[in-house]
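Take a look at the structure set out below.
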Amino acid sequence: MKLLQLLPIGNVDDGLLKDIRPAVEEILCIPCKVLPVRLDPEFAFHGERQQYHSSEILHRMQSFLTPDSWRVLGVSAVDLYIPILTFVFGEAQMGGPCAVVSAHRLRQEFYGLPSDHDLFRQRLIKEAVHEVGHTLNLTHCEDYRCVMASSHAVEWIDLKESALCTPCRAATTPVTRVSSARNY
């Protein structure tokens, strides 16, 4: 049986992965497993930016693929970027097997606000599903409620649902079809 494997990257809290696993599993309709190994992201750190290059992390994640892998989703607490953007919440290999998300800018505390674990968890789940959606060849959706809508700020993430809209769900193949909590 193929699995969505959650790969801890750096000092991400293992409890966080165990916390989001059931929701991601339910939304994507695929069994999830938290991998017992951890990827140290220091090779992708760029001192001039004080950030980690997400494309380099994605490349290294290829080595964690196994015959049981459906997809590997890296979950990190470090601040990610790609050269053309100030930061990214995540990145995926379009149509490929790997995606990565960062919890760094999803916490209210990053913006000087009081902690809100439920909001943080919802944001992380949405971004995880969004990046896995890219591995299924889904592009950004114009429906702001769809999990595949583009997010350039956490406020945009908060507007999204955690599910695919009907057209995005229809665009996935029957083998990779994911559920939708809402049809809109």
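What is the antiparallel percent of DSSP beta bridges lying wholly in the stretch 3-176, to the nearest 5? About 25 percent, rounded to the nearest 5.
Charges only on Cβ, +1 for Lys and Arg, -1 for Asp and Glu: so what's the dipole of the chain about the Cα centre, in debye to the nearest 20?
Details: 18 positive and 22 negative charges, 108 e Å.
Roughly 520 debye, rounded to the nearest 20.
Can you tell which of ALA153, ALA44, ALA99 shows the greatest fluctuation in a Gaussian network model of the chain with Cα springs below 10 Å? Maximum fluctuation in the GNM of the chain, among the listed residues, is at ALA153.
When cysteine pairs in the chain are screened for C-beta atoms closer than 4.7 angstrom, the residues that find no partner are CYS29, CYS32, CYS98, CYS168.
Among TRP156, TRP70, which comes first, second and so on when ranked by fewest other beta-carbon atoms within 10 Å?
Details: TRP156 13, TRP70 20.
Ordered from fewest to most neighbouring Cβ atoms within 10 Å, TRP156, TRP70 come out as TRP156, TRP70.
For the peptides 162-170, 128-136, the ranking by mean Cβ contacts within 10 Å, running from highest to lowest, is 128-136, 162-170. Each residue, ASP13 and PHE110, gets one label point 7 Å from its Cα in the Cβ direction; the gap between the two is 1.5 nm.
Sort the stretch 5-82 into rounded, prolate or oblate with this rule: let a ≥ b ≥ c be the square roots of the eigenvalues of the Cα gyration tensor; rounded if a/c is under 1.5, and if a/c is not under 1.5, prolate when a/b is larger than b/c, oblate otherwise.
On the way: a/c = 2.20, a/b = 1.68, b/c = 1.31.
It is prolate, given that a/c is not under 1.5 and a/b is the larger ratio.
If packing is taken as the average number of other Cβ atoms within 10 Å across a peptide's residues, how do 137-146, 1-10 rank, most packed first?
Working: 137-146: 15.6, 1-10: 18.9.
Descending packing order for the listed peptides: 1-10, 137-146.
Which order do peptides 72-81, 11-20, 104-113 fall in by mean Cβ count within 10 Å, highest first? Write out the running numbers ahead of the final one.
Details: 72-81: 23.8, 11-20: 15.5, 104-113: 13.6.
Result, highest mean Cβ count within 10 Å first: 72-81, 11-20, 104-113.
A simple spin-label model places the labels of MET1 and ASP118 3.1 nm from each other, with each point 7 Å out along Cα-to-Cβ.
Report, in cubic angstrom per residue, the convex hull volume of the C-alpha atoms of the chain.
Values: hull volume 20.4 nm³, N = 184.
Roughly 111 Å³ of hull volume per residue.
Bear in mind that the values in this text are calculations on the coordinates, not laboratory data. If you're wondering where the values come from, they're calculated on a predicted model, not measured in any experiment. Cβ atoms come from the backbone with ideal geometry, glycine included; neighbour counts cover every protein chain shown.
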